[in-house]
There are 2 protein chains.
Amino acid sequence: MRSDVLVTCPLVVMKFGGTSVGDVDRINRVADIIVEHRVRNPNEGIVVVVSAMAGETNRLTSLAKHCANSPAPREMDVLLASGEQVSVALLAMALQDRGLKARSYLAPQARISTNDRHTNAQIEGIESQALKSLLADNGIPVVAGFQGICVDSGDITTLGRGGSDITAVALAAVLHARVCFIYTDVAGVFSTDPRLCKDARLLPQVSHEEMLEMASLGAKVLHTRSVYFAMRYKVPLVVLSTFLGALQPGRNGTFVVSEEELMEKALVTGVTHRLDEAQIAVSGMKADIKSLAHLFEVLAEEDIYIDMISQEFIGDDEVNVSLTVPDEQSERALEIIRNSVETLRANAVTIQRDIAKVSVVGIGMRYHTGVASRVFKVLARAGIDIKMVNTSEIKISIMVARKYCKMAVSVLHEEFFTVEVAKQVG
Amino acid sequence: MRSDVLVTCPLVVMKFGGTSVGDVDRINRVADIIVEHRVRNPNEGIVVVVSAMAGETNRLTSLAKHCANSPAPREMDVLLASGEQVSVALLAMALQDRGLKARSYLAPQARISTNDRHTNAQIEGIESQALKSLLADNGIPVVAGFQGICVDSGDITTLGRGGSDITAVALAAVLHARVCFIYTDVAGVFSTDPRLCKDARLLPQVSHEEMLEMASLGAKVLHTRSVYFAMRYKVPLVVLSTFLGALQPGRNGTFVVSEEELMEKALVTGVTHRLDEAQIAVSGMKADIKSLAHLFEVLAEEDIYIDMISQEFIGDDEVNVSLTVPDEQSERALEIIRNSVETLRANAVTIQRDIAKVSVVGIGMRYHTGVASRVFKVLARAGIDIKMVNTSEIKISIMVARKYCKMAVSVLHEEFFTVEVAKQVG
């Protein structure tokens with residue numbers, strides 16, 4: 001059977017983000033990149049996934065805002081999915097014009113099924129037979145990212161933030177691709193935000209686990225959902241820039257692979273930061289387990305996402321509790337807690353927004369101790385107060401005043417990168 | 001059964017063209033028009049059909065031109081269908097925002113099936129069950145015009161020029177609508193082009209047959225294909241302006257109905273003109289049936305569309321033949337005929353482009369004679385030479401030099417409108 005033959009053939013998925021297809025010149029550039037890949041790897045199947053042209057989603061969202069105060073999610077999905085429809089058609093044309101047998105696929109044609117959670121749907125399955133037939137014929141499917149079809153209703157759905165990456169990773173998993181290239185507008189994953197720290201360096205490789213932590217802790221190049229998908233289905237990713245020429249270690253491209261495939265396990269892979277959390281402090285609470293339980297219960301009931309928690313006992317029966325929540329939920333969280341002040345028997349509830357979470361991520365922490373103590377020492381030396389701490393097996397996050405964010409990132413990056421390298425060289 | 005109940009209920013289709021939904025303000029205006037209809041006719045079902053926002057098709061076509069020298073029709077359909085996708089979503093939102101139970105439908109959801117002739121597909125069927133369910137629930141389906149789904153491949157198709165009108169008329173036919181409103185940017189069908197003749201008047205009603213002739217003879221408000229569809233399925237149409245307030249005889253709106261429903265059969269309904277034909281003259285041809293047959297055979301083989309034909313015998317064995325073809329085919333037609341000059345034994349082949357076809361249309365011609373003689377007399381009095389003539393049961397077309405087009409339209413319009421009215425009044 002054709003499709004059996006295919007599965008044993010090498011195959012890559014190439015995903016191009018919104019800035020990569022931002023105008024017709026760029027779409028033509030993307031077509032050239034695909035042609036080049038085909039010429040260099042004539043026996044390798046190619047599946048292309050594209051996002052909407054940069055700016056299109058904003059344009060459509062703004063139109064919606066002028067037509068309805070609260071646009072229905074079902075209609076938002078119909079509206080937004082038109083963006084990817086335009087880019088797949090244009091890219092398929094551009095590839096055909098270069099002599100390739102390309103063909104555009106929207107979600108119904110690519111048979112990407114989802115549940116019915118409009119604007120944030122989950123992929124439930126992909127029937128890849130149509131794509132496989134085209135691939136077996138040496139053709140190139142150009143698949144619309146971000147969109148799906150609801151299994152039950154047949155309605156258009158969209159996958160939410162990072163949706164096109166998810167489409168690409170899901171197709172790579174289903175088609176057993178050897179790698180999924182994520183073409184974007186940056187060279188890859190950096191050791192820290194280059195805008196905050198001029199010494200930021202391009203990482204040649206990171207593990208899925210590290211990438212997942214870094215994505216959720218502030219690295220914006222990939223969305224956590226797509227990294228999680230890649231990790232779960234062991235899909236190797238390469239994040240690289242559409243605008244910096246071919247994949248070239250150290251200059252363009254970061255491999256995101258399973259831990260066991262890592263060439264070298266760095267102690268620290270990256271220093272990230274986030275500015276989108278607020279800290280709520282509940283002071284003078286009755287220090288019993290019932291009050292604490294109640295606090296987290298009322299927040300959970302309203303789907304408030306709590307990130308960091310700290311508590312400080314004052315005497316025997318009082319406790320100050322601090323917790324951080326996403327900015328967009330902070331008003332609601334504050335209201336919920338204030339409504340519970342009597343039950344909690346708390347003195348005061350205050351909120352602080354000018355905070356920043358700085359994180360140090362590295363799979364090497366699993367095998368080496370002492371990272372936490374170095375973090376504290378470096379920050380103390382710089383005179384930066386730590387408000388809260390949160391750790392996992394492969395990361396340490398600390399909350400600091402927002403004005404110290406840049407400084408904290410710099411000194412930590414210097415400690416774990418410049419100093420490390422100096423040690424190795426010296 | 002629900003759908004049986006529905007079919008017996010009154011139902012209207014409201015179709016809004018590209019200028020009617022040209023920006024968000026206009027989409028909101030359209031939503032208000034629909035709300036007003038619902039308020040005035042609470043027991044009447046409403047199905048809405050919309051075109052792409054004005055300018056969108058041009059924008060997309062221009063993008064395509066920059067991505068491929070000759071974009072594949074299949075991909076053009078994917079590209080262009082995105083335009084209607086945007087407008088149905090926005091209008092559905094706007095209606096929901098006004099408390100109506102609206103829901104957008106693309107071709108796959110509305111189950112509008114076509115053949116596989118991309119960019120010019122024909123509707124083969126509509127499974128209206130989904131629409132009927134929503135209608136039975138007092139909901140308003142907002143259906144994307146212009147697009148279909150190919151029965152065999154599941155690919156997106158588009159219906160070509162006038163496609164959204166065709167979608168509207170087809171839905172009106174399938175759902176047994178009492179009327180199909182075609183909202184556009186002009187008040188309706190005029191007795192002649194108002195830009196050419198200041199006395200042009202808005203026609204309160206015309207028959208399908210007259211509309212069909214007028215559309216094919218130059219009236220641009222409706223495309224022949226949709227009028228043909230309406231005639232075939234006896235769908236009454238109302239053409240009216242989105243921008244001139246409610247339907248109001250003489251001010252806004254023209255009814256297009258079956259001949260038997262016409263209140264009054266006017267002798268002449270309209271005077272139209274077209275400038276997009278060229279006249280090819282083959283002079284000194286051998287006057288035998290074989291040569292004539294050969295001439296039309298070679299043209300038919302190349303799908304050249306011939307509109308008017310005239311022949312003039314010179315002596316016993318020579319004939320001058322003139323024929324008109326669409327501008328865009330004229331070069332090819334000329335070449336074909338020149339290549340056959342020897343077989344045709346013709347002296348010369350010449351082409352003339354500065355011509356105009358002026359037509360007088362009216363269902364009353366079926367019952368009254370003398371229209372042709374009045375046409376000739378009026379033109380003779382104005383000193384306008386007639387190059388060719390073509391007639392049908394309900395129209396007379398004459399070919400004149402282009403410089404006389406406006407004058408011919410004016411004098412004919414005056415003859416059949418101002419004079420007629422003067423006669424009636426006097």
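The values are calculated or read from the model by the stated rules, or taken from the named source; none is laboratory data. For clarity, every value in this text was computed on a predicted model and none was experimentally measured. Don't worry about glycine lacking a Cβ; one is built from the backbone with ideal geometry, like all the others, and counts go over all protein chains shown. Side chains included, ligands, DNA and RNA excluded: accessible areas come from the protein's heavy atoms. Shrake-Rupley method; radii C 1.70, N 1.55, O 1.52, S 1.80 Å.
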Taking region A:314-342 and keeping residues open to solvent by 80 Å² or more (accessible area, probe 1.4 Å), over 30 Å from A:A219 (Cα atoms) and part of a helix (DSSP H, G or I) leaves A:E335, A:R338, A:N339, A:E342
Of the candidates B:V325, B:V321, the one satisfying the condition of being touching a Ser or Thr at 6+ places or on another chain (Cβ under 8 Å) and of a type in the set (V, I, T) is B:V321
Over region B:93-118, the set of residues more than 11 Å from every other protein chain (Cβ to nearest Cβ), closer than 18 Å to B:E75 by Cβ and either among the hydrophobic types (A, V, I, L, M, F, W, C) or in contact with a Gly (Cβ under 6 Å, 6 or more places away or on another chain) (or both) is B:T114
Item to complete: Would you check if B:L131 is in contact with a strand residue (DSSP E or B) (Cβ under 9 Å, 6 or more places away or on another chain), touching a residue at least 40 places away in the same chain (Cβ under 8 Å) and facing chain A (nearest Cβ under 9 Å)?
Response: no
Residues of region B:6-28 being within 11 Å of another protein chain (Cβ to nearest Cβ), assigned to a helix (DSSP H, G or I) and surrounded by 17 or more Cβ atoms within 10 Å (Cβ to Cβ), in sequence order, are B:V24, B:R26, B:I27, B:N28
Taking first residues from region B:204-225 that are in contact (Cβ under 8 Å) with a residue 40 or more places away in the chain and farther than 19 Å from B:M308 by Cα and second residues anywhere that are open to solvent by 40 Å² or more (accessible area, probe 1.4 Å) and in a loop (DSSP other than H, G, I, E, B), the pairs with Cβ under 6 Å that are 6 or more apart or on different chains are B:P204/B:P249; B:H223/B:R161
Among residues of region B:52-71 being assigned to a helix (DSSP H, G or I) and more than 21 Å from A:T61 (Cβ to Cβ), the residue farthest from the other protein chains (Cβ to nearest Cβ) is B:N58
Next on the checklist: Regarding region B:72-91, can at least one residue be identified that is open to solvent by 10 Å² or more (accessible area, probe 1.4 Å), in contact (Cβ under 8 Å) with a residue 24 or more places away in the chain, more than 9 Å from every other protein chain (Cβ to nearest Cβ) and touching a His at 6+ places or on another chain (Cβ under 9 Å)?
Outcome noted: yes
Of all strands (runs of 3 or more DSSP E) fully inside region A:221-308, the set with 1 or more residues that are open to solvent by 30 Å² or more (accessible area, probe 1.4 Å) and out of contact with any Ser or Thr (no Cβ under 9 Å at 6 or more places or on another chain) is A:254-257, A:277-286
By residue number, the members of region A:346-400 that are assigned to a loop (DSSP other than H, G, I, E, B) and open to solvent by less than 20 Å² (accessible area, probe 1.4 Å) are A:A346, A:G362, A:I384, A:I394
Looking only at region B:35-42, decide whether some residue is assigned to a loop (DSSP other than H, G, I, E, B) and over 26 Å from the mean Cα position of the chain (by Cα).
yes
For region B:118-125, state whether one or more residues are closer than 22 Å to A:L60 by Cβ and buried (at least 19 other Cβ atoms within 10 Å of the Cβ).
no
In region A:310-346, anything free of Cβ contacts under 8 Å to residues at least 40 places away in the same chain and of a type in the set (V, I, T) is listed as A:I314, A:V319, A:I336, A:V341
Residue count, region A:29-50, condition within 17 Å of A:G162 (Cα to Cα) and either open to solvent by 20 Å² or more (accessible area, probe 1.4 Å) or more than 14 Å from every other protein chain (Cβ to nearest Cβ) (or both), comes to 1
Exactly one of A:A356, A:A346, A:A380 is out of contact with any helix residue (DSSP H, G or I) (no Cβ under 9 Å at 6 or more places or on another chain) and either within 23 Å of A:E301 (Cα to Cα) or among the aliphatic types (A, V, I, L, M) (or both), and that one is A:A380
By residue number, the members of region B:206-220 that are hydrophobic (A, V, I, L, M, F, W, C) and at pLDDT below 90 are B:L217, B:A219
